[in-house]
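Below is one structure, written out as structure tokens; the observations come after it.
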Amino acid sequence: GDSVTQMEGPVTLSEEAFLTINCTYTATGYPSLFWYVQYPGEGLQLLLKATKADDKGSNKGFEATYRKETTSFHLEKGSVQVSDSAVYFCALRANFGNEKLTFGTGTRLTIIP
Amino acid sequence: DTEVTQTPKHLVMGMTNKKSLKCEQHMGHRAMYWYKQKAKKPPELMFVYSYEKLSINESVPSRFSPECPNSSLLNLHLHALQPEDSALYLCASSQGGQRYNEQFFGPGTRLTVL
């Protein structure tokens, strides 16, 4: 079945550091890929998405590129801020008509000033 | 309006109570979802409604009963819950039908079962 594997957390970085959160997936066909962010006490917000190979999703300084050859969708940001502290979920949606999102386990990110 | 709203924000109930969670969206989305999220875990899908019909039930116990009165509203009726049902309950909506359509999540209802 479909699955998403995220790097283990928690991740702690200093402000202005470079961020990478790894995400790899297993799915048949051509899934769509998403990064969601969850701030403390809130629901999930879509951060970015990519729908086909080599697409790059970007938002708020975050980027991720859909790499079909390595089945990866790693999240990156060049300079993190304290306000980026949250839990980040990688997710996929596979095949037309399949309404299910498959989530990774989530990576808790803490940025220290 | 790109928002999914959920009420109440917090709910405390006893194991013999009956309560309902409500979700509303005005984005014209045709698919709506209920998720359960335990602490430090990803959301787990419970139910999917597509065009107001229940399309997916992830083997959820019958003490959880979903209802979709119209395309904008989604309810989750709760009865005889157990303490282990305490969690954050998230509602989401999407255009539905196209694999790349993202899901928009509400802020959730934090449920505590005593």
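If you filter segment B:50-74 down to residues that are modelled with pLDDT of 95 or more and touching a Leu at 6+ places or on another chain (Cβ under 7 Å), you find that the one that is farthest from B:GLN95 (Cα to Cα) is B:ARG63. The criterion of at least 2 residues that are buried (at least 20 other Cβ atoms within 10 Å of the Cβ) and either out of contact with any Lys or Arg (no Cβ under 8 Å at 6 or more places or on another chain) or not hydroxyl-bearing (Ser, Thr, Tyr) (or both) is met, among strands (runs of 3 or more DSSP E) falling completely within segment B:41-83, by B:44-50, B:73-79. As a summary of the residue check, B:SER50 satisfies the conditions (1) more than 7 Å from every other protein chain (Cβ to nearest Cβ); (2) more than 23 Å from A:VAL87 (Cβ to Cβ); (3) in contact (Cβ under 8 Å) with a residue 40 or more places away in the chain except for the one numbered (1). Entry remark, segment A:70-105: residues being modelled with pLDDT under 95 and of a type in the set (Phe, Trp, Tyr) number 1 in total. Look at B:GLU24 and say whether it is within 18 Å of B:SER93 (Cα to Cα), more than 10 Å from chain A (Cβ to nearest Cβ) and within 12 Å of the chain's Cα centre (by Cα). The answer is yes for B:GLU24. Within segment A:1-40, restricting attention to residues that are among the aromatic types (Phe, Trp, Tyr) and over 16 Å from A:ALA86 (Cβ atoms), the residue that is surrounded by the most Cβ atoms within 10 Å (Cβ to Cβ) is A:TYR25.
Any residue that is under 21 Å from A:VAL37 (Cα atoms) and either of a type in the set (Val, Ile, Thr) or surrounded by 20 or more Cβ atoms within 10 Å (Cβ to Cβ) (or both) - is there at least one of those in segment B:6-14? Checked against the condition, which is being under 21 Å from A:VAL37 (Cα atoms) and either of a type in the set (Val, Ile, Thr) or surrounded by 20 or more Cβ atoms within 10 Å (Cβ to Cβ) (or both), segment B:6-14 yields at least one hit. If only residues of segment A:41-79 that are within 18 Å of A:ASN22 (Cβ to Cβ) and among the polar types (S, T, N, Q) are counted, the one that is surrounded by the fewest Cβ atoms within 10 Å (Cβ to Cβ) is A:THR70.
The values are calculated or read from the model by the stated rules, or taken from the named source; none is laboratory data. Remember, it's a predicted structure, so these values are computed and weren't measured experimentally. Note that we place each Cβ from the backbone using ideal geometry, even for glycine, and neighbour counts take in every protein chain shown.
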